[in-house]
Amino acid sequence: MRYDVVIVGGGLAGLSAAVQLGRYNHKVLVIDSDNGRSNFCLRYQNLIGWKNGVSGPELRQAGKEQAEKVGVEFVKGKAVTAKAYGAEEFVIETDAAERFEGRRLLLATGVMDRLPPLEGLVPCLGISIYVCPDCDGYELSGRRAIVMGSGNPGAHMADILTYWTPDLVYVNHEEKEIAPELMDKLRQKGVEIMEEPIRRLIIRDEQLQGIVLESGKEIEGGKAFVAFGGNEVRSGLAAQLGVTLHGNRHIEADPRTKMTNIRHVWAAGDVLAHSEQASIAMGDGCQAAIWIHKSLIEKDGSKALRPLEAAAEQGIELEECRNAGMQECRNVGMQECRNVGM
């Protein structure tokens with residue numbers, strides 16, 4: 001079956017796009033492995049409207065139900081290959097040998113954190129163990145906390161977290177080398193540094209109480225951050241299609257439209273190069289969906305979705321829209337702006 005849009009990834013970015021595209025009455029398919037970051041975060045606490053926090057699984061289920069109400073279809077599976085046959089035919093195959101075709105493709109494949117195989121860690125994610133200081137550094141405010149990490153990535157995390165609390169212990173679980181200047185910086189800020197693996201976590205009622213080191217030493221701490229580096233950026237499908245990647249393997253896309261260098265292939269969410277926030281991922285998905293919709297209704301040959309390319313071809317610098325009403329757009333090659341915030 002051929003869809004208007006195939007979305008790979010059913011996390012917050014993919015679901016946001018699916019809802020928006022479904023409300024445009026496009027035929028949309030979401031392929032989701034059900035194994036993303038948002039599956040494991042049990043509490044987002046910095047999203048407006050959720051004053052007591054909301055879990056990733058809860059958001060995902062609500063988003064899926066909302067998308068299904070507007071006709072979006074879902075397939076559970078891992079997309080393993082992506083091929084383009086011309087500008088409007090993309091074929092995605094899953095690990096179950098299922099084959100799906102779409103006129104447009106949105107990659108919302110995300111990032112997966114590298115976590116140590118410590119029993120009890122995953123059930124605490126978002127509750128008492130965190131990965132993102134911008135999201136959850138606030139939860140440490142004035143409390144004793146532990147950073148479980150590896151070498152420089154963990155040391156950098158500990159340095160960042162001194163903004164919220166001076167009572168930090170950094171446990172270099174993998175005993176990797178720490179840059180001397182970074183080590184000195186942590187010591188100057190009063191961070192205790194332990195060069196020893198963690199044997200187990202101390203957890204009661206799904207709340208972290210502390211850790212036990214390999215030597216048997218116990219370290220008390222009700223909050224912890226994980227920072228091991230080497231997170232998996234899931235941009236493999238993008239690479240198969242020839243999409244431009246940054247050096248860190250995040251996808252490069254137009255900051256305004258979210259379209260990649262490959263025409264009619266978009267990207268949204270953490271797989272893009274940005275601050276990896278849930279709210280930003282949702283916004284990315286919605287923004288990409290708006291421009292995908294525009295591409296589906298534009299006349300053949302329109303440059304509406306490639307303002308940067310059009311400008312480069314014609315040697316004319318892009319300009320901003322004239323007025324807040326968005327009735328007229330001066331961007332080269334663009335047609336009438338259809339209620340899109342420029």
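The values are calculated or read from the model by the stated rules, or taken from the named source; none is laboratory data. What you see is a predicted model, and the numbers here were worked out from it, not measured in a lab. Ideal geometry is used to build each Cβ from the backbone, glycine not excepted, and the neighbour counts take in all protein chains shown. These area figures cover heavy atoms from the full protein model, side chains too; ligands, DNA and RNA do not enter into them. Shrake-Rupley method; radii C 1.70, N 1.55, O 1.52, S 1.80 Å.
Scanning segment 261-283 for residues that are touching a residue at least 40 places away in the same chain (Cβ under 8 Å) and not hydrophobic (A, V, I, L, M, F, W, C) yields Arg263, His264, Gly269, Asp270, Ser275, Glu276, Gln277, Ser279, Gly283. For segment 254-269, the set of residues classified as at pLDDT below 95 and within 16 Å of the chain's Cα centre (by Cα) consists of Pro255 only. Just a yes or no: is a residue in segment 282-289 open to solvent by 30 Å² or more (accessible area, probe 1.4 Å), among the aliphatic types (A, V, I, L, M) and at pLDDT 95 or above? Yes: segment 282-289 contains one or more residues that are open to solvent by 30 Å² or more (accessible area, probe 1.4 Å), among the aliphatic types (A, V, I, L, M) and at pLDDT 95 or above.
Among the residues of segment 40-78, those identified as in contact with an Asp or Glu (Cβ under 8 Å, 6 or more places away or on another chain) and without any contact (Cβ under 8 Å) to a residue 60 or more places away in the chain are Val75, Lys76, Gly77, Lys78.
Can you tell me which residues in segment 222-253 are on the phi > 0 side of the Ramachandran plot and over 17 Å from the mean Cα position of the chain (by Cα)? Gly242, the sole residue that qualifies. Being closer than 27 Å to Arg249 by Cβ and either part of a helix (DSSP H, G or I) or open to solvent by 20 Å² or more (accessible area, probe 1.4 Å) (or both) holds for only one residue in Lys64, Lys83, and it is Lys83. Ala239 meets all of the listed conditions (1) under 28 Å from Ala278 (Cα atoms); (2) surrounded by fewer than 22 Cβ atoms within 10 Å (Cβ to Cβ); (3) touching a residue at least 12 places away in the same chain (Cβ under 8 Å) but one, namely (3). Taken as a whole, the condition of being outside any loop (DSSP other than H, G, I, E, B), touching a helix residue (DSSP H, G or I) at 6+ places or on another chain (Cβ under 7 Å) and of a type outside the set (Lys, Arg) applies to Leu182. Checking Ile251, Ile219 one by one, the residue that is modelled with pLDDT of 95 or more and under 21 Å from Pro117 (Cβ atoms) is Ile219 and no other. Arg199 meets all of the listed conditions (1) within 27 Å of the chain's Cα centre (by Cα); (2) open to solvent by 80 Å² or more (accessible area, probe 1.4 Å) but one, namely (1). What tally of residues in segment 185-215 results from selecting those that are closer than 23 Å to Gly137 by Cβ and not in a loop (DSSP other than H, G, I, E, B)? Result for segment 185-215: 16.
The requirement of being among the β-branched types (Val, Ile, Thr) and over 30 Å from the mean Cα position of the chain (by Cα) is satisfied by Val212.
Candidates in segment 105-152 are the residues that are buried (at least 22 other Cβ atoms within 10 Å of the Cβ) and of a type in the set (Val, Ile, Thr); of these, the one that is nearest to Ala227 (Cα to Cα) is Val147.
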